[in-house]
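Asks: Before I ask anything, let me first share the structure, which is written out below as structure tokens.
The values are calculated or read from the model by the stated rules, or taken from the named source; none is laboratory data. Note that the coordinates shown come from a computational prediction; the quantities given were computed from them, not determined experimentally. Using ideal geometry, Cβ is built from the backbone for each residue, glycine included, and neighbour counts are taken over all protein chains shown.
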Amino acid sequence: MNFDAIIFDFDGVLLESEYAGNRQIAEYLTNMGHPTTPEESMANFMGLAGKDFLAAIERWIGHALPGDFHAAREAEDRRAVEEGIAEVAGAVAFVRSLPADLPRAIASSSSTPWITAHLDHLGIRDAFGDHIYSGREHVTRGKPAPDLYLFAAARLGIPIERCVILEDSPVGATGAVASGATVIGLCAGRHCGIGHADRLRALGVRHIAHDFDQAARLILA
């Protein structure tokens with residue numbers, strides 16, 4: 001094992017929520033008169049949260065979001081939490097294959113209730129214990145700042161340089177690279193289309209995995 005800990009982003013790495021969420025955003029914007037494809041939504045909004053997420057959408061449409069946007073998002077989130085979202089192919093098996101004594105954490109822009117609910121759906125909440133960290137709740141600066149990853153490593157008690165991070169989004173990868181960890185750009189989700197790996201490489205990601213088998217080989221090489 002070349003690393004002393006592994007840190008996971010969540011949406012788009014373990015959960016196929018990036019594609020589902022951006023499809024909903026694209027449908028909403030298209031219906032309000034701003035034609036947007038899921039691919040455009042992912043290119044412009046993926047990995048962002050809070051004010052940064054809203055500001056990016058408003059830049060795209062050129063004006064403030066209508067008042068019902070938040071209600072539409074909340075309704076979609078409730079549905080997703082109740083029904084669950086599929087894993088990124090191979091994610092659950094990969095998590096279960098990790099050595100039991102290998103420290104691991106989740107460092108995500110999503111809220112901890114969202115993360116834990118979907119970990120319960122996937123049946124792997126126990127694999128992370130209390131090491132579930134949110135950029136909304138645990139740090140002042142979320143991604144693309146490196147703070148959340150540094151926080152997670154500190155809570156694990158492992159120097160960030162001895163951690164490997166699995167990230168899928170350009171926003172998250174920016175923070176992961178800046179943290180000083182080894183970063184694997186995971187391009188296994190449905191949202192990772194042609195050119196996605198090149199976008200991550202351009203941000204300084206040196207290692208790319210197109211599925212969890214490739215990720216395992218990189219981590220265990």
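Asks: May I ask you to say which residue of 165, 160 is touching a helix residue (DSSP H, G or I) at 6+ places or on another chain (Cβ under 6 Å), among the β-branched types (Val, Ile, Thr) and over 26 Å from residue 19 (Cβ atoms)? Outline the logic, then answer.
Replies: Details: 165 fails: over 26 Å from residue 19 (Cβ atoms).
When all the criteria are applied, what remains is 160.
Asks: Here's another thing I want to ask about it. Return the total of residues in region 80-113 being exposed (fewer than 12 other Cβ atoms within 10 Å of the Cβ) and either more than 24 Å from residue 6 (Cβ to Cβ) or of a type outside the set (D, E, K, R) (or both). Can you show your working first?
Replies: First pass over region 80-113, keeping only residues exposed (fewer than 12 other Cβ atoms within 10 Å of the Cβ): 82-83, 96-97, 99-101.
Remaining after also requiring either more than 24 Å from residue 6 (Cβ to Cβ) or of a type outside the set (D, E, K, R) (or both): 82-83, 97, 99-100.
Final tally of qualifying residues: 5.
Asks: Right, something else. Filter region 40-52 for residues that are at pLDDT 85 or above and surrounded by fewer than 19 Cβ atoms within 10 Å (Cβ to Cβ); which is farthest from the chain's Cα centre (by Cα)?
Replies: Within region 40-52, the match that is farthest from the chain's Cα centre (by Cα) is 40.
Asks: Test residue 26 against the criterion of being touching a Pro at 6+ places or on another chain (Cβ under 8 Å), among the aliphatic types (A, V, I, L, M) and part of a helix (DSSP H, G or I), and give yes or no. Quick ask: steps written out before the conclusion?
Replies: Working: touching a Pro at 6+ places or on another chain (Cβ under 8 Å): yes; among the aliphatic types (A, V, I, L, M): yes; part of a helix (DSSP H, G or I): yes.
Yes, satisfied.
Asks: Whether any residue in region 141-155 is out of contact with any Ser or Thr (no Cβ under 6 Å at 6 or more places or on another chain) and over 15 Å from residue 179 (Cα atoms) is what I want to check. Outline the logic, then answer.
Replies: Narrowing region 141-155 to residues out of contact with any Ser or Thr (no Cβ under 6 Å at 6 or more places or on another chain): 141, 145, 147-148, 151-155.
Still in the running and over 15 Å from residue 179 (Cα atoms): none.
Checked against the condition, which is being out of contact with any Ser or Thr (no Cβ under 6 Å at 6 or more places or on another chain) and over 15 Å from residue 179 (Cα atoms), region 141-155 yields no hits at all.
Asks: I'm checking my understanding of the structure. Among residues of region 189-204 that are modelled with pLDDT under 95 and touching a helix residue (DSSP H, G or I) at 6+ places or on another chain (Cβ under 8 Å), which one is farthest from residue 21 (Cα to Cα)?
Replies: If we take residues in region 189-204 being modelled with pLDDT under 95 and touching a helix residue (DSSP H, G or I) at 6+ places or on another chain (Cβ under 8 Å), then 199 is farthest from residue 21 (Cα to Cα).
Asks: Restricting the search to region 1-39, which residues are modelled with pLDDT of 90 or more, more than 22 Å from residue 181 (Cα to Cα) and not hydrophobic (A, V, I, L, M, F, W, C)?
Replies: Answer for region 1-39, where residues must be modelled with pLDDT of 90 or more, more than 22 Å from residue 181 (Cα to Cα) and not hydrophobic (A, V, I, L, M, F, W, C): 16, 27, 28, 30, 31, 33, 34, 35, 36, 37.
Asks: Now for a different question. Residues that are among the charged types (D, E, K, R), surrounded by fewer than 22 Cβ atoms within 10 Å (Cβ to Cβ) and within 18 Å of the chain's Cα centre (by Cα): find the helices (runs of 4 or more DSSP H) completely inside region 167-221 holding 3 or more of those.
Replies: Numbers: elements: 170-179, 196-202, 212-220.
Here the list reads 196-202.
Asks: From the list 189, 123, 142, which one is of a type outside the set (Asp, Glu), on the phi > 0 side of the Ramachandran plot and either in contact (Cβ under 8 Å) with a residue 24 or more places away in the chain or out of contact with any strand residue (DSSP E or B) (no Cβ under 7 Å at 6 or more places or on another chain) (or both)? Even if it seems obvious, please write down each step before you answer.
Replies: Details: 189 fails: on the phi > 0 side of the Ramachandran plot; 142 fails: on the phi > 0 side of the Ramachandran plot.
Of the residues listed, the single one that is of a type outside the set (Asp, Glu), on the phi > 0 side of the Ramachandran plot and either in contact (Cβ under 8 Å) with a residue 24 or more places away in the chain or out of contact with any strand residue (DSSP E or B) (no Cβ under 7 Å at 6 or more places or on another chain) (or both) is 123.
Asks: Right, here's the next one. Given 11, 52, which one is closer than 24 Å to residue 189 by Cβ, in the same structural domain as residue 182 (by TED's automatic domain parsing) and in contact with a Gly (Cβ under 8 Å, 6 or more places away or on another chain)?
Replies: Numbers: 52 fails: in the same structural domain as residue 182 (by TED's automatic domain parsing).
Just one listed residue meets the conditions, 11.
Asks: Would you check if residue 151 is closer than 27 Å to residue 220 by Cα, surrounded by fewer than 24 Cβ atoms within 10 Å (Cβ to Cβ), in contact with a helix residue (DSSP H, G or I) (Cβ under 9 Å, 6 or more places away or on another chain) and of a type in the set (Phe, Trp, Tyr)? Full working, then the answer.
Replies: Details: closer than 27 Å to residue 220 by Cα: yes; surrounded by fewer than 24 Cβ atoms within 10 Å (Cβ to Cβ): yes; in contact with a helix residue (DSSP H, G or I) (Cβ under 9 Å, 6 or more places away or on another chain): no; of a type in the set (Phe, Trp, Tyr): yes.
In short, no.
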